Amino acid sequence: MKLENKRIAILATDGFEKSELFEPLRALKNEGATVDIISVKEGEIKSWDNNNWGESIIVDKLVDDANVADYNSLVLPGGVANPDLLRTHDNVLEFIRAFFKSNKPVAAICHAPWLLVSAKVVENRKVTSYHSIKDDIINAGAHWVDQEVVVDQGLITSRNPNDLPVFIDKIIEETREGKHKEQVVNA
């Protein structure tokens, strides 16, 4: 078990892409990690699955009650609604920035890099994302590439659910390795 004694935060709200939360969650738990679902609302959050609401998951902790010091890494699932809703919350953006300031791995897939743009942590980084937000990523000062997975100083990004196997492998690898040398945060 590669991630025994590791704790991982998955930050999401209603409208997260079902596979982009549940597949990493299963894989990380199978590797021995403790995983907390963090959100801006209590109770359950609903996934988006094949153009309709899908499976729900229970929230473990509100973002206001979560402490970055308690976690080894952060996972940001995509979906269109999920990151678009989350990025309107200053406490969410500060939570994300705190991971970068602590040099801890952050993984974002599909539309989740919108959160990184709003948190102002992608400038001068190599990043991938869902193709429709490419311009947003470039306009935020990142170097966008079309690859399954990109790792830049502990920032792990992928394009879509088809990339989940390599995305998950990199989350495991980066979390196991721990902190990274230096990450530039402009906020």
Considering 139, 160, which residue is surrounded by fewer than 21 Cβ atoms within 10 Å (Cβ to Cβ) and farther than 25 Å from residue 40 by Cβ?
139
Take the residues in the stretch 10-33 that are touching a helix residue (DSSP H, G or I) at 6+ places or on another chain (Cβ under 8 Å) and of a type in the set (A, V, I, L, M, F, W, C); name whichever of them is surrounded by the most Cβ atoms within 10 Å (Cβ to Cβ).
16
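Residue-wise test of (1) at pLDDT below 95; (2) farther than 15 Å from residue 75 by Cβ; (3) in contact with a Phe, Trp or Tyr (Cβ under 8 Å, 6 or more places away or on another chain).
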| site | (1), (2), (3) |
| --- | --- |
| 94 | no, yes, no |
| 106 | no, no, yes |
| 123 | no, yes, no |
| 130 | no, yes, no |
| 135 | no, yes, no |
| 149 | no, no, yes |
| 152 | no, yes, no |
| 177 | yes, yes, no |
| 181 | yes, yes, no |
Those residues of the stretch 97-120 which are within 17 Å of residue 39 (Cβ to Cβ) and either without any contact (Cβ under 8 Å) to a residue 12 or more places away in the chain or in a loop (DSSP other than H, G, I, E, B) (or both) amount to 111, 112, 119
Determine if the stretch 29-51 includes at least one residue that is within 30 Å of residue 177 (Cβ to Cβ), over 15 Å from the mean Cα position of the chain (by Cα) and in a helix (DSSP H, G or I).
yes
Out of 123, 173, 94, report the one residue that is surrounded by fewer than 23 Cβ atoms within 10 Å (Cβ to Cβ), part of a loop (DSSP other than H, G, I, E, B) and charged (D, E, K, R).
123
Among the residues of the stretch 58-70, is there at least one that is modelled with pLDDT of 95 or more, part of a strand (DSSP E or B) and touching a Ser or Thr at 6+ places or on another chain (Cβ under 9 Å)?
yes
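Go through the residues of the stretch 121-141 one by one and say whether even a single one is closer than 25 Å to residue 33 by Cα and touching an Asp or Glu at 6+ places or on another chain (Cβ under 8 Å). Walk me through it before giving the result.
Taking the stretch 121-141 and keeping what is closer than 25 Å to residue 33 by Cα, we get none.
No: zero hits.
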Filter the stretch 8-28 for residues that are part of a strand (DSSP E or B) and under 20 Å from residue 84 (Cβ atoms) and give the result.
9, 10, 11, 16, 17
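The values are calculated or read from the model by the stated rules, or taken from the named source; none is laboratory data. Predicted model only: the values in this text are computed from it and were never measured. Neighbour counts are summed over all protein chains in view; Cβ atoms, including those assigned to glycine, are modelled from backbone coordinates with ideal geometry.
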